[in-house]
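Below you'll find the structure I mean.
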């Protein structure tokens, strides 16, 4: 898994909440037994018209967002089924960061990301950044106001920096363990191998081959 320290890239906004994993990568793309090639299915029901042509109204098809690597959406991103393919599709399309807000609805806090999606993202080196609703709204407005707006996401400093004439930045919270794994580029296997000496000693003491 690639190390994540900082990333600067073009931002693209997707003004939808509750984007579930079946919308991120529809079920017909899950037949492959490989872990590559899922970028073709990313948001395919939205990216394409009924005749198969690209929908020019959809953000990811617009020239101004070509090559974007920071995706900004609304709350509860990645809800639905637990398919890890959703993270693969987003990463393989070229995104390194997804930003979404937590919001208060009916007196309850709705997170920016579904738990399973966020956990799958960590395992695959995709950074999920959760900001406040007002902060994400500001990003939406700035992306519309400044075509080609780029941002730097600094994991070590836990900041999202918008590169405008007067830079604006937002602090985000992240679990210490998640931050450490991404900064070191450690997936589940690599994390386990960090304990290789202890595992070997345990097996030796308990008569395991």
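Derivation of every value follows stated rules applied to the coordinates shown; laboratory data play no part. As the structure is a prediction and not an experimental result, all values here were calculated from the model. Here Cβ is always computed from backbone atoms with ideal geometry, including for glycine, and neighbour counts include all displayed protein chains.
Calculate the FRET efficiency for residue 134 and residue 20 from the Cβ-Cβ distance with a Förster distance of 22 Å, rounded to the nearest 0.05. Don't jump to the answer; show the numbers that get you there.
Details: r = 25 Å, r/R0 = 1.12.
FRET efficiency, residue 134 to residue 20: 0.35.
Right, next: Using only the Cα atoms of the range 6-205, build the gyration tensor, take square roots of its eigenvalues as a ≥ b ≥ c, and label the shape rounded, prolate or oblate: rounded if a/c is under 1.5, else prolate if a/b is larger than b/c, else oblate.
Working: a/c = 1.81, a/b = 1.30, b/c = 1.39.
Here the range 6-205 falls in the oblate category.
Can you tell me how much longer the chain between residue 47 and residue 2 gets when fully stretched, taken as 0.36 nm per residue apart minus their C-alpha distance, in nm with one decimal? Intermediate results must be reported in sequence, preceding the final value.
Working: separation 45, 0.36 × 45 = 16.20 nm, distance 2.80 nm.
Here the segment from residue 47 to residue 2 would lengthen by 13.4 nm.
Kindly express, to the nearest 10 degrees and within the range 0 to 90, the angle between helix 196-205's C-alpha long axis and the longest C-alpha principal axis of the chain.
30 degrees
Moving to a separate point now. Is the shape of the range 93-145 best called rounded, prolate or oblate, per the rule: a/c under 1.5 gives rounded, else a/b larger than b/c gives prolate, else oblate, with a ≥ b ≥ c the square roots of the Cα gyration tensor eigenvalues? Present the calculation step by step, with values, prior to reporting the outcome.
Values: a/c = 3.45, a/b = 1.16, b/c = 2.98.
Because a/c hits 1.5 or more and a/b fails to exceed b/c, the range 93-145 counts as oblate.
Next question. Tell me the angle of helix 133-145 to the major Cα principal axis of the chain, expressed in degrees between 0 and 90 and rounded to the nearest ten.
50 degrees
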